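First up is the structure itself, then whatever we jot down about it.
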Amino acid sequence: MSSVHEVGGHKLTLLRSGTEYFPQLFAAIHAARHTIYLETYIFAADQTGRLLKAALESAAARDVSVHVLLDGFGSAELPPAWLGEMRMLGVKVLWFRPELARWSLRRHRLRRLHRKLVVIDGRIAFVGGINILDESQEARLDYAVQVQGEVVAQITHAVRSLWRLVSWTHLRKSGLPRERMVPSAQQHDVAFLIRDNLRHRRDIEHAYLRAIKHARSEIVIANAYFLPGRRFRRFLLAAARRGVRVVLLLQGKMEYRLQHYATLALYEDLLLAGMEIYEYTPSFLHAKVAVIDGEWATVGSSNIDPFSLLMAREANIIVKDNGFAAGLRGDLLEAITHGGKRVMSSDLQHRALWGRIVLRISYAVVRFLTGISGYAHRRDDF
């Protein structure tokens, strides 16, 4: 599917799943001459991880300054020996919040690094939802964008700033000069948005809501973990009721039982408003993308759930271009046609009473956990 689009002075390549993403990523790493910054939630010790490790070590051996930032929860199973080898061969590796308490709801432990970003030589970047994970057995449906152009300066600033911050928290000197803030490009045809717990808490969510509010004909959302708050749902319901076609491609295979059941609890209201819901079943759905009116599109790491919208560090690219949006929309509709099972209202009516109770309890539990975590600052958050 890999397709190239020229948008506002940018060169954008839409990449579907690891089969298209990793060859492009490895080629860019092998061609790097000065710097590599890589941030990821999961860095798995599998064949894909091994190949990436070798590519990064090779870059460091030819005097490329290589920086790898890993989430302390998502990449916790990465063998210490791998880290030791990478560091010994010149790859700089830092952990984002390495302290782990898997069942703790303390606020700082829920602030994970969920974004997946790579910047090479300050001229080429990769933004998306694809982890460093072997997909040879079962390719997850996911997307990333390879970016060249002015917006790469913003992405570079974001990764360098976070590296400096984490270096400081580790009581190390980053060795990077202080940088001038790169102006936001949210009004341009290509925009880079982040979510953090400081000045950009709601940038990604607000971009979604603005686009949904002004939608005229169609909204297509593919999201791995879809559990929007009340305000987000109101915007979607309002769009559907004013005649906008709303299509949701959601997880068909159960990955996390509680969250899956909580999402199912929302189906009835969404279907009653006239939305179309399809569950993707050929493999796990890991996409976090949307297309609105065939002209606005987003690709990134942010799900539409409390974890992504209220807690984690996320990064999305926004593209306003008919050609790019048409390419992503066409791929999503093909995925729906060949792998989506449509959910009908009649399917819900056949659920046993106990099944409906389980779904409602699951939703209530997720709301409760979100509330006591301290991140839901207002009623509409969830």
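The values are calculated or read from the model by the stated rules, or taken from the named source; none is laboratory data. Predicted model only: the values in this text are computed from it and were never measured. Note that we place each Cβ from the backbone using ideal geometry, even for glycine, and neighbour counts take in every protein chain shown.
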Scanning the range 1-59 for residues that are closer than 28 Å to residue 150 by Cβ, in a loop (DSSP other than H, G, I, E, B) and in contact (Cβ under 8 Å) with a residue 60 or more places away in the chain gives 1, 8, 9, 32, 33, 34, 41
So residue 153 fits all but one of (1) among the small types (Gly, Ala, Ser); (2) surrounded by fewer than 21 Cβ atoms within 10 Å (Cβ to Cβ); (3) over 22 Å from residue 199 (Cβ atoms); what number is the exception? (3)
Could you give every pair whose Cβ atoms fall below 6 Å, whose first residue belongs to the range 329-358 and is part of a helix (DSSP H, G or I), and whose second residue is modelled with pLDDT under 75, counting only separations of at least 6 or pairs across chains? 331/1
State yes or no: is residue 288 within 14 Å of the chain's Cα centre (by Cα) and either among the charged types (D, E, K, R) or surrounded by fewer than 20 Cβ atoms within 10 Å (Cβ to Cβ) (or both)? yes
List pairs: first in the range 68-84 and outside the structural domain of residue 35 (by TED's automatic domain parsing) and within 18 Å of residue 307 (Cβ to Cβ), second surrounded by fewer than 16 Cβ atoms within 10 Å (Cβ to Cβ) and aromatic (Phe, Trp, Tyr), Cβ under 7 Å, 6+ apart or cross-chain? none
Within the range 316-368, of all residues that are at pLDDT 90 or above and basic (Lys, Arg), the one surrounded by the most Cβ atoms within 10 Å (Cβ to Cβ) is 329
Under 8 Å between Cβ atoms, at least 6 apart or on separate chains: pull out the pairs that start in the range 291-307 with a residue that is closer than 18 Å to residue 16 by Cβ and end on any residue that is assigned to a loop (DSSP other than H, G, I, E, B) and of a type in the set (Asp, Glu). 297/321
Please work out which residue is farthest from residue 132 (Cα to Cα), limiting yourself to the range 293-310 and to residues that are over 13 Å from the mean Cα position of the chain (by Cα) and surrounded by fewer than 24 Cβ atoms within 10 Å (Cβ to Cβ). 293
What's the number of the condition residue 237 fails, among (1) without any contact (Cβ under 8 Å) to a residue 24 or more places away in the chain; (2) touching an Asp or Glu at 6+ places or on another chain (Cβ under 9 Å)? (1)
Scan the range 212-225 and report the pairs whose first residue is polar (S, T, N, Q) and whose second residue is not in a loop (DSSP other than H, G, I, E, B), with Cβ atoms within less than 6 Å and a gap of 6+ or a chain change. 223/288; 223/304
